[in-house]
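Quick note: the coordinates plus some simple rules give every number you see, no bench work behind them. Worth saying up front: this structure is predicted, and the values here are computed from it rather than measured. Here the Cβ positions follow ideal geometry from the backbone for every residue, glycine too, while neighbour counts run over all protein chains shown.
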Amino acid sequence: MLSQLVDVIIYIFLALGVFFNILAGIGLLRFPDVYTRLHAGTKCTTFGSIFLCGSVILYGLKMWILGNVDGSMWVIHTGIALVAILLTNPTGAHALARAAHKSGVKPVGAVIDELENKPTKKSGDKMEAKK
Amino acid sequence: MNFFSIPDIYLVILGLLFLSIIMAIIRVIKGPTAPDRIVGLDTINTIVIVSMIIFGLAAGSVIYIDVAIVYAFLSFISTLFIAKYLEGGEF
């Protein structure tokens, strides 16, 4: 009874994860701008990856509780992979948006761009150069 | 209930994930500027990591998930270096 309930939860997680990953692909194709494409391609894949990895973790937990010790390997390794995705994906998106703005790509249809006239600090500057 | 059978539903999930990868590849090919292409590559990297995890469960071996962890960190480093190159910084 309980294992069938866990199966239903696994199917729901799989459906949600695939839905958000396909939304990421559609958003990459349809959005008009680098920044909106970055929004679609990073947030949706991170959110979908949480659900897909969560379904694998639930599968391993079910195997582990029902007596197969190999299930613990699935849980721990997939948990580490999920932590790696959650750490690296937003950081890379932030670096990409910053690089896109500094390389001169303007947002399409933006009303205000607050970073436009701000003096940008170079990464190679020393502390003495600011004084 | 048989808990040791290979879940076939995960192979269907893999096919749907490849559909998303194909849409990102179209964006990489026809992207107008260089940051568009890099955004497409970043999306492809994340979906490939998840596909490795799913395929590891479908094939029944844990080594794919270890490869996925290493691939996550390597793709993160490559994305940071490409962003640094686009920004015009010094290495």
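Quickly run through region A:25-62 and pick out the residues that are among the hydroxyl-bearing types (Ser, Thr, Tyr), over 13 Å from the mean Cα position of the chain (by Cα) and under 25 Å from A:Lys102 (Cα atoms).
A:Tyr35, A:Thr36
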Original post:
Name the residues in region A:1-24 that are under 14 Å from the mean Cα position of the chain (by Cα) and at the interface with chain B (Cβ under 8 Å from one of its Cβ atoms), would you?
Top reply: A:Gly17, A:Val18, A:Asn21, A:Ile22, A:Ala24
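Residues checked against (1) free of Cβ contacts under 8 Å to residues at least 24 places away in the same chain; (2) within 28 Å of B:Pro32 (Cβ to Cβ); (3) facing chain B (nearest Cβ under 7 Å):
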| residue | (1), (2), (3) |
| --- | --- |
| A:Gly67 | yes, no, no |
| A:Ser72 | yes, no, no |
| A:Ala84 | yes, no, yes |
| A:His94 | yes, yes, no |
| A:Ser103 | yes, yes, yes |
| A:Ile112 | yes, yes, no |
| A:Leu115 | yes, yes, no |
